[in-house]
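The structure appears right after this line, and notes come after that.
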Amino acid sequence: MVYFAKLKNLLMLTFDWILHGAGSADTCHVTVRQPTFQGVDYSVHTVFLTCAFSASGCSPSSLQILWFRFLTSKHEDLCTPGCTDQQKYKVHFLPENNISLQINDLTVDDNAVYICGIAFSDSSSPHSKQTGDGTVLMKTGAEKQHSNGKVVSIFMIITSALLFLYSTTVFTFLVIYKLKPKLLKESGKEGQRTENCKISSGRKIFQAIAQELQKQKYAAQPDNLEDDTIYQNR
């Protein structure tokens, strides 16, 4: 607040410099009123700051409207009376001594204290140039905007991950579908080979049994012949 008061005094000195060499309408008296605070949502891109004044004993032809703003560590001349950036700032004179400052392309960087000044250049009266107490402009919802941005980013990441999983699943099914006939064919060949092995193994076992029976038959034949020979001799 001390810094703001010093800058306001500097502003009054600026007024003196702007209106140096003024005339003699010493009875001119001006008062300026401004709203203390004006908040706007983050979605708003154009704002109008209002200012009202009353003047007595002043010449309307010498009226000058000035706007300044105070940032954290400096002040800026916006319209004194011509605006430094005519695309960004515009001053409107309204009925019943009301004034508005139009600010376009509003961002959070425009958050500041805006001072409205009224001066009658042909008066040397100390009351012929006055400023309001200032309007604090605050573009709110910056955190909400950032939060919404984070939510959108997270949603995009999740969506990308789901799409990746879906694509991977579809690709896997396609590969399995294309390889299925080949796998079934190879499985059939393997089954046939297994069946052939079983048949071959059965044949070998059968042959072994037959050979064994034949051996036993041959082994029993000499005894029978010997019995027949003995019977004939008798």
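The values are calculated or read from the model by the stated rules, or taken from the named source; none is laboratory data. Note that the structure is predicted; figures quoted are calculated from it, not measured. Cβ atoms come from the backbone with ideal geometry, glycine included; neighbour counts cover every protein chain shown. Just so you know, the surface numbers come from the protein's heavy atoms only, side chains and all, with ligands and any DNA or RNA stripped out. Shrake-Rupley method; radii C 1.70, N 1.55, O 1.52, S 1.80 Å.
Tell me, in nm to one decimal, what length is gained between L94 and S54 on full extension, where the rule is 0.36 nm per residue of separation less the Cα-Cα distance? Walk me through the intermediate numbers first.
Working: separation 40, 0.36 × 40 = 14.40 nm, distance 1.30 nm.
That pair, L94 and S54, stretches by 13.1 nm at full extension.
Computed extension length for A210-K74: 37.4 nm, one decimal, from 0.36 nm per residue of separation with the Cα-Cα distance subtracted.
When nucleic acids and ligands are ignored and a 1.4 Å probe is applied, R33 ends up with an accessible area of around 130 Å².
Using 0.36 nm per residue of separation minus the Cα-Cα distance, give me the extension gain between L162 and F37 in nm, one decimal. Can you show the working numbers first?
Values: separation 125, 0.36 × 125 = 45.00 nm, distance 4.68 nm.
Once the chain is fully extended between L162 and F37, it gains 40.3 nm.
For L213, the solvent-accessible surface computed with a 1.4 Å probe is close to 100 Å², ligands and nucleic acids excluded. Summing charges over neighbours of C79, with a neighbour being any other residue whose Cβ is under 12 Å away from its Cβ, gives 0 when K and R count +1 and D and E count -1.
Over the range 59-117, what is the mean sequence separation of C-alpha contacts under 8 Å (at least six apart), divided by residue count, expressed as relative contact order in percent? Show your work: numbers first, answer last.
Working: 79 pairs, mean separation 21.8, N = 59.
Relative contact order for the range 59-117 comes out at 37 percent.
Taking a label point 7 Å from the Cα of V136 along the Cα→Cβ vector, which residues of the range 32-63 have an amide N closer than 18 Å to it? The answer is 34-42, 49-50.
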